[in-house]
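Reading through the structure tokens given below for one structure.
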Amino acid sequence: MQGKICLVTGATGGIGRETARGLAARGATVIVVGRDRARGEAAVESIRSDTGSSSVELMLADLSSQAAIRQLAAAVLGRHPRLDVLVNNAGALFPRRGFTVDGIERTFALNHLGYFLLTTLLLDRLRKSAPARIVNVASAAHRWGRMRLDDLQAERRYVAFLAYSNSKLANLLFTYELARRLEGSGVTANAVHPGTVASEFGTVGGWFGLAFGAVKPFLLSPTEAAATSIYLASSPEVAGTNGKYFIKCRERRSSGASQDHEAAARLWQASEALTRAAAATGAPAPSA
Ligand SMILES: NC(=O)c1ccc[n+]([C@@H]2O[C@H](COP(=O)([O-])OP(=O)(O)OC[C@H]3O[C@@H](n4cnc5c(N)ncnc54)[C@H](OP(=O)(O)O)[C@@H]3O)[C@@H](O)[C@H]2O)c1
């Protein structure tokens, strides 16, 4: 990975930090994206001291804010003439329904629109850097998801795990549609289920937090879980692999719903509309 520039979102902790560490250990220049300066600086420091690499830098953005994503993308494009790997990893489960600064339900906004907007803003740079790779961290939870294009804001009913599962189904639909659009460009897009992981992910309170806390000692470590993202981002074995879903570094079949081309195309259109709309309203960027 010498000479390669890799951006990893949600790299201040959990799977993302271990993905960033793994890519830095392989010689890549790594952009750690986080929303909190102190956690970001701690992550960068830990990766630098573990890997001996000085090519690890921090960029701040709250990825639930479209204005912040636009600022992040502009900073990346301004600072780096190339981008070889984009790992969309930042995600969360929210016990209660809530809204972002753009007025969008926050699970869908962070977990799907965050991936969509950052990727589309960086896509030209990735294309110009080809061969390049996009890795989207999804989840096996997508199997419980339903793509309710008429209820993207979960107005009818909000059940935290289902909203999360829907957003992870959106990750797969987005990855496959992106891969179709990128065919022949030298840029690939693949998705990952990292496993069930003892990260900060489940520390959200409620019944999900309780259940997660109970099983946490038996789960994969974030280092183990990062292996598939690192593999897809760096291994020559998957240099030409495009539009696939991986678990434990092996290609797997995702749900039937995730392979619905029409739903994927409609989700793309809806995502474009929701991100254009926020750009037009000039929604404010958060303090990060
Ligand atoms: N853990 C699992 O069992 C599991 C299973 C399947 C899939 N996944 C997926 O794996 C990915 C990583 O999860 P994880 O387990 O590593 O969770 P984690 O330990 O909670 O880490 C999440 C990362 O995302 C960042 N993040 C959260 N909200 C953000 C925001 N609004 N703006 C910018 N960054 C934000 C966090 O930053 P802060 O440090 O500021 O909080 C943190 O760096 C997620 O996409 C998740 O859906 C996880």
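Laboratory data are not the source of any read-out in this text; all were calculated from the coordinates shown. Just so we're clear, the structure is a prediction, and the values are computed from it rather than from any experiment. Methodologically, a virtual Cβ is constructed for each residue, glycine included, from the backbone with ideal geometry; neighbour enumeration extends over all protein chains shown.
Taking the Cα centre of the chain as origin and assigning +1 to Lys and Arg Cβ atoms and -1 to Asp and Glu Cβ atoms, the resulting dipole is close to 240 debye. Centre-to-centre, using Cα atoms only, the stretch 193-266 and the stretch 35-55 are separated by 24 Å.
For the stretch 192-226, the residues whose amide N sits under 13 Å from a probe point set 7 Å from the Cα of Arg39 along the beta carbon direction are 199-204.
The packing ranking, built from the mean of other Cβ atoms within 10 Å per residue, places the peptides 240-247, 174-181, 11-18 in the order 11-18, 174-181, 240-247, highest first.
Straight-distance candidates among the lysines for linking to Lys248, with alpha-carbon spacing under 20 Å and chain neighbours fewer than 8 residues away dropped: Lys168, Lys216. Stokes-Einstein diffusion for the chain, with the hydrodynamic radius set to the Kirkwood value over Cα pairs and evaluated at 20 °C in a medium of 1.002 mPa s, equals 115 µm²/s.
Mean projection of the Cα convex hull over all viewing directions, computed for the stretch 55-201: 9.3 nm². Using a cut-off of 15 Å between beta-carbons, work out the net charge of the residues near Phe108 (Lys and Arg +1, Asp and Glu -1, Phe108 not included). My count for the surroundings of Phe108 gives +3. Take the Cβ-Cβ distance between Phe99 and Ala74 as r, set R0 to 22 Å, and report the resulting FRET efficiency rounded to the nearest 0.05. About 0.35, to the nearest 0.05.
Here the extension length gained between Gln269 and Arg146 equals 42.6 nm, from 0.36 nm per residue of separation less the Cα-Cα distance. Rounded to the nearest 20 debye, the dipole magnitude of the stretch 21-129 is 160 debye, with +1 charges on Lys and Arg beta carbons, -1 on Asp and Glu beta carbons, and the Cα centre as origin.
In terms of surrounding Cβ atoms within a 10 Å radius of their Cβ, Phe94, Phe161 rank from fewest to most as Phe161, Phe94. Out of all Cα-Cα pairs in the stretch 119-232, roughly what percent, to the nearest whole number, are more than 17 Å apart? Cα-Cα pairs in the stretch 119-232 separated by more than 17 Å: 64 percent. Over every Cα atom in the stretch 37-127, the radius of gyration and the widest Cα-Cα span, Dmax, amount to 14.6, 42 Å.
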